[in-house]
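Report on one structure; see the data block that follows.
The values are calculated or read from the model by the stated rules, or taken from the named source; none is laboratory data. Values in this document were obtained by computation on a predicted structure and should not be read as measured data. All Cβ positions, glycine included, derive from the backbone under ideal geometry; neighbour counts span all protein chains shown. Note: accessible area is taken over every heavy atom of the protein model, side chains too, but ligands, DNA and RNA are not part of it. Shrake-Rupley method; radii C 1.70, N 1.55, O 1.52, S 1.80 Å.
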Amino acid sequence: MKSFFLILFGLTILSSFSQAFAQDWGEIEAAAEGQTIYFNAWGGSQPINEYIQWAAKEVQNKYNVRVIHVKATDISDVVSRILVEKAADKKTNGSVDLMWINGENFKAMKENKLLYGPFSQKLPNYHLVDIENKKTLLSDFTTPVDNMESPWGMAQLVFSYDTNQVTKHPKNMLDLLAFARENPGRFTYPSIPGFHGTTFIKQVLYELTHDPDVLNQPVIPSDFEKNTQPLWTFLEALHPLMWRKGKVFPTSASQMVSLLNDNEIFISFSFNPNSVSNAIKNGELPNTIRTYIHTNGTIGNAHFVGIPFNSSARQGAMVFANFLLSPEAQARKADPTIWGDPTVLDTQKLVGQDKALFDAVPKGIATLTPKELGQGLPEPHVSWVKALEKKWLETYSK
């Protein structure tokens, strides 16, 4: 009998909490109605821009919240603008209501108290997020998220190769070096500080450094040379064997796609596991291209949306962030014919129509399964990015 009353008491408390939560969210939705939010997000991809337009239209129709996509070239510029607004004591009516953010930009926003929150735990769809298995959703480049940003999508480094030219793909960086020796001029990577180029050298460092655990901590300048020497030794051996003998580097990931398509290189890479399937579908690559990862994994991360501290449309921003986490929006985003960005949701939690949405997402011809991708390696501490880029530019940008 005592156990029965304890259970009944617990259920009563849980019910009261759920009702209060629902009431709070109802108030947020009511306050959001009629608001206009300025969503600052990278605008360099037409498919992504079209997806944001679709999401904005859905939120306008369902919640009467207007979303204006402010296309950014570099989110760090947006961070700088918000920092200037704080310095000017502009506590309301900020120029940004929601922003696409992660990594060092999130760290800068959090440390400078430029973010509103915590807020993601208030979003009804947040309970569908796979925080149990996707650890990068809780720690953004080793910076604890603390519900100060809401997860939006996943990414992971994947390599691609032409099966007509390569019978056995490399399984690690030393294999890649051996491939370059056997096939001079058939591999390259984008220049630094481009994101894809920086990701490549971080992957090399992860695989070759004597102590990968140091990458989870801030850079110690006195130990930098010792900890990174295997990377520079590897690059010194690799560069003369690369496309144009490593004296010229591609400027972007899209140029890498063109080089692969033209058979100038036989191996490339991307940070979206669906990008090759998308490129095949769009006719940018032949259907002989396939993807793979290295045996011990490749770097993965998540991207998020955050609300600046001086947003005057916080409720509208939260409604939009919640919609971006809905099964409807996440399944559409995961569709390789639309964007092909891996979901942050735990699809095992979905039932009925929500589950059917993901069951219907087509799998690209060159897309690895979640099991094949594995957990992914965590991003190093954000301080490694600038340190590595500085050293690379001093050494190779001549």
**Message:** Using only the heavy atoms of the protein chains and a 1.4 Å probe, how would 139, 311 rank by accessible area, largest first?
**Reply:** 139, 311
**Request:** Equivalent ellipsoid semi-axes for the chain, as square roots of 5 times the alpha carbon gyration tensor eigenvalues: give them largest first, rounded to whole Å.
**Result:** 39, 24, 22
**Message:** Using a Förster radius of 30 Å, what is the FRET efficiency between residue 244 and residue 164 based on their Cβ-Cβ separation? Nearest 0.05, please.
**Reply:** 0.85
**Request:** Report, to the nearest whole %, how much of the accessible area of the chain belongs to carbon and sulfur atoms, 1.4 Å probe, protein only.
**Result:** 54 percent
**Asked** Peptides 142-155, 284-297: what's the order by average Cβ count within 10 Å, highest mean first?
**Response** 142-155, 284-297
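For the pairs 62/349; 171/333; 226/390, flag any whose C-alpha to C-alpha distance is greater than 26 Å.
Table pairs above 26 Å Cα-Cα are 171/333.
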**Message:** Using a probe radius of 1.4 Å on heavy atoms only, what accessible surface per residue do you get for the stretch 46-188? Whole Å² is fine.
**Reply:** 47 Å²
**Message:** Report the Cα-based extents of the stretch 130-201 along its three principal axes, largest first, to the nearest Å.
**Reply:** 48, 27, 19
**Kirkwood-based Rg to Rh ratio, the stretch 199-255, C-alpha trace** = 1.04
**Item:** the stretch 328-371 - Rg and Dmax from Cα coordinates, angstrom
**Value:** 10.0, 28
**Request:** Please identify every one of the trypsin sites (Lys or Arg not before Pro) in the stretch 56-137 that sits in a loop by DSSP and has no more than 12 other beta carbons within 10 Å of its own beta carbon.
**Result:** 91, 113
**Prompt:** What does the charge add up to near residue 348, with Lys and Arg as +1, Asp and Glu as -1, over the other residues with Cβ less than 14 Å from its Cβ?
**Reply:** -1
**Message:** Give me the one-decimal Kirkwood hydrodynamic radius in Å for the stretch 236-383, with the sum taken over alpha-carbon pairs.
**Reply:** 18.1 Å
**Fill in**
Note to self, the chain gives a 222 nm [θ] from helices alone (DSSP H runs n ≥ 4, -39500 (n - 2.57) apiece, / all residues, nearest 500) of -13500 deg cm²/dmol
**Request:** Calculate the tail of P(r) for the stretch 34-135: the fraction of all Cα-Cα distances greater than 22 Å, expressed in %.
**Result:** 40 percent
**Asked** With the dipole of the chain worked out from charges on the C-beta (+1 for Lys and Arg, -1 for Asp and Glu) around the Cα centre, which of 40, 257, 378 lies farthest toward the positive end?
**Response** 257
**Request:** Could you work out the mean projected area of the convex hull around the alpha carbons of the stretch 107-266, in square nanometres to one decimal?
**Result:** 12.2 nm²
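Taking 0.36 nm per residue of separation and subtracting the Cα-Cα distance, what length does fully extending residue 46 through residue 348 add?
Between residue 46 and residue 348, full extension yields an extra 105.6 nm.
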**Item:** Set of lysines near residue 168 by C-alpha distance (under 25 Å), chain-local residues within fewer than 8 positions excluded
**Value:** 202, 245, 281, 363, 371
**Request:** Run the numbers on the chain and let me know its relative contact order in percent, using alpha-carbon pairs under 8 Å that are six or more apart.
**Result:** 26 percent
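Diagonalise the Cα gyration tensor of the stretch 68-118 and give the resulting equivalent ellipsoid semi-axes, square root of 5 times each eigenvalue, largest first, whole Å.
Semi-axes from the Cα gyration tensor: 16, 14, 11 Å.
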